[in-house]
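The values are calculated or read from the model by the stated rules, or taken from the named source; none is laboratory data. Since the structure is predicted, the reported quantities are computational estimates derived from the model, not experimental observations. Glycine gets a Cβ as well: all are built from the backbone with ideal geometry, and neighbour counts include every protein chain shown. Surface accessibility is based on the protein's heavy atoms, side chains included, excluding ligands, DNA and RNA. Shrake-Rupley method; radii C 1.70, N 1.55, O 1.52, S 1.80 Å.
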Amino acid sequence: MRSPTIQSPDIQVADAARALAALGLVDAFGHVSARDADHMVITPAVDLATVEASGCLRVPLTATALPSGCPAEAWAHLALYQRYPATGAIARAQPAASLAVGMRTDRVAPTHGQACWLGDSIPVYPSALLVREADRGRRLAEAMGASDAMILRGNGAIAMGSDPATAVATMSVLAAACTVWLQMGGEPVAPLSAAEIRSWQAVKPELLPRLGAHLLRKAAGGPAR
């Protein structure tokens, strides 16, 4: 597999979409997008395991209507790109553990080192209504705060990254954090300290892309290094 940095956004998005499916992070629903100048490239409303680069759609970041075949929840992607200029890609998925966590709490503290890469805490969006309108997309983006991922109550999760591979990695870390939180039975007795959280966040630019590359290789059946 070629390095994501030399691939077109369409190929990166398609590779990430198939990786989410291969890793079991989506069912029949889910989407991946990438920022491309003043547009986003997004997967069509299909099973992500079947996505090819040629089927990805281009949508202006200032769109007031979605093109035919576009996921209706693309409004969440557009709102996040508009609110967070440093965001290069977004993954929307349904990790099973996130569904349970979203019904039990409104915020999750980092459960382990890698979970610190999601932010100081993981917010839970309080509404299970589908984000199929621009106004709901803007409210979701506001609720993300300073985190790179958010659990959607009754509806999976959404994660941001610098590129599609790191968005997949962020979603994978979120899924693990939710699983660990449930295994602990809720909030830890001895949560990670601020110093521990900062130490993990300091190495995020080095290690998160490595995890993303590993996950894409794993999903594609290549050797994990």
Taking first residues from the range 62-73 that are part of a loop (DSSP other than H, G, I, E, B) and second residues anywhere that are of a type in the set (Ser, Thr, Tyr), the pairs with Cβ under 8 Å that are 6 or more apart or on different chains are 71/43
Tell me which residues, restricted to the range 178-225, are touching a His at 6+ places or on another chain (Cβ under 7 Å) and over 22 Å from residue 49 (Cβ atoms).
180
State whether one or more residues within the range 112-123 are farther than 23 Å from residue 17 by Cα, without any contact (Cβ under 8 Å) to a residue 40 or more places away in the chain, open to solvent by less than 50 Å² (accessible area, probe 1.4 Å) and in contact with a helix residue (DSSP H, G or I) (Cβ under 8 Å, 6 or more places away or on another chain).
yes
Can you tell me which of (1) open to solvent by 30 Å² or more (accessible area, probe 1.4 Å); (2) aliphatic (A, V, I, L, M); (3) modelled with pLDDT under 95 is the one residue 66 doesn't meet?
(3)
Quick one: how many residues across the range 18-48 are open to solvent by 60 Å² or more (accessible area, probe 1.4 Å), part of a helix (DSSP H, G or I) and without any contact (Cβ under 8 Å) to a residue 60 or more places away in the chain?
0
Any residue that is within 26 Å of residue 73 (Cβ to Cβ), more than 17 Å from the chain's Cα centre (by Cα), modelled with pLDDT under 95 and assigned to a helix (DSSP H, G or I) - is there at least one of those in the range 136-150?
no
Output the number of residues of the range 96-119 satisfying the condition of being at pLDDT 95 or above and assigned to a loop (DSSP other than H, G, I, E, B).
1
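Yes or no, residue by residue, for (1) modelled with pLDDT of 95 or more; (2) assigned to a loop (DSSP other than H, G, I, E, B); (3) open to solvent by less than 50 Å² (accessible area, probe 1.4 Å); (4) more than 21 Å from residue 74 (Cα to Cα):
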| site | (1), (2), (3), (4) |
| --- | --- |
| 159 | yes, no, yes, no |
| 165 | yes, no, yes, no |
| 187 | no, yes, no, yes |
| 197 | yes, no, yes, yes |
| 215 | yes, no, yes, yes |
Residue 132: surrounded by fewer than 18 Cβ atoms within 10 Å (Cβ to Cβ), assigned to a helix (DSSP H, G or I) and over 11 Å from the mean Cα position of the chain (by Cα), yes or no?
no
Of (1) out of contact with any helix residue (DSSP H, G or I) (no Cβ under 8 Å at 6 or more places or on another chain); (2) within 30 Å of residue 190 (Cβ to Cβ), residue 98 satisfies all except one. Which?
(1)
I'd like to verify a number: residues in the range 120-129 that are aliphatic (A, V, I, L, M) and assigned to a loop (DSSP other than H, G, I, E, B), how many?
2
Hey, can you tell me all the residues within the range 165-184 that are closer than 24 Å to residue 142 by Cβ and not hydrophobic (A, V, I, L, M, F, W, C)?
166, 170
Is it true that residue 58 is surrounded by fewer than 16 Cβ atoms within 10 Å (Cβ to Cβ) and among the basic types (Lys, Arg)?
yes
Yes/no for residue 166 being in contact (Cβ under 8 Å) with a residue 12 or more places away in the chain and over 13 Å from the mean Cα position of the chain (by Cα):
no
